[in-house]
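Scroll down for the structure; my scribbles are underneath it.
The values are calculated or read from the model by the stated rules, or taken from the named source; none is laboratory data. Owing to the predicted nature of the structure, the values given are computational and were not obtained by experimental measurement. Here the Cβ is made from the backbone with ideal geometry for all residues, glycine too, and neighbour counts use every protein chain on show.
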Amino acid sequence: MTPARRLFAAAAALLAPLSTIPLVQAQNPVHQPDPRRGAVIAAQGTAPGAPPCAQCHAFNGASDSSGAFPRIAGQSAYYLTKQLHDFASGVRANAFMSPIAKSLSSDDIDNVAAYYAGLDSPFLPLKTAAPEITKRGEELATVGSAERRVQGCNNCHGPGGIGEPPAIPYLAGQYATYIAFELKMWQQGFRKSSADSMGYVAKQLDPADIAAVAAYYQQVRSLGEQAAKATGG
């Protein structure tokens, strides 16, 4: 074999593995979330030990009226996925959710997030707060407070707190107990994401403000429904 042929053969041997790259990529496509698998995780948990999500959040994602666990039905898959990764990484600390998130694989997280994001569960008919509390909460939600140096919550969370998917969750219809608890978690540094937005806002609010805005968002969806009925909408 001439030197030129030997050089060509060596080059061909080096380049040969590259020809298999498209095939390997085709055999390992990007994971597509599977809501059906997510439903199984929600109902049964996982083999490595994650408990069923339905134990706390209910199979329909509405949780319960205690507000100890948030309503997650219809939240965007992006938001739910991020929260689970935050729990797993320590960006968000919670005695219940942190160990659960750590026991889920990335595929598990994608699947269960896709399942709950696709649900359209009814909102529970909850008690309303006193009118003066609701009014204060509405002011904070829609206008903000010059005294507290915070903008209205709806500027980020959307008109009436309906959310701004995929990154910003809805608050309308969320449980007041849960909203108040999470604002306190930001105040105390247990939630480290959005430190310059949510972290800042939470630290400007006093306990009465937190109670008011939480109460407002819990009932704002039902208030909207009542108004629509009154006007024949």
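What the table shows:
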read-out: Residue match in region 45-65 (condition: surrounded by fewer than 16 Cβ atoms within 10 Å (Cβ to Cβ), modelled with pLDDT under 95 and either touching a Leu at 6+ places or on another chain (Cβ under 6 Å) or under 21 Å from Gly118 (Cβ atoms) (or both)); value: yes
read-out: Single residue of region 1-35 satisfying the filter (surrounded by 10 or more Cβ atoms within 10 Å (Cβ to Cβ) and closer than 30 Å to Phe96 by Cβ) that is modelled with the lowest pLDDT; value: His31
read-out: Count of region 95-126 residues which are closer than 20 Å to Tyr170 by Cβ and touching a residue at least 40 places away in the same chain (Cβ under 8 Å); value: 15
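Listed here are the residues, each with its yes/no results for (1) touching a residue at least 40 places away in the same chain (Cβ under 8 Å); (2) out of contact with any His (no Cβ under 8 Å at 6 or more places or on another chain); (3) in the same structural domain as Ser66 (by TED's automatic domain parsing); (4) part of a helix (DSSP H, G or I).
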site: Glu138; (1), (2), (3), (4): yes, yes, no, yes
site: Glu147; (1), (2), (3), (4): no, yes, no, no
site: Gly160; (1), (2), (3), (4): yes, yes, no, yes
site: Ala172; (1), (2), (3), (4): yes, yes, no, no
site: Thr177; (1), (2), (3), (4): yes, yes, no, yes
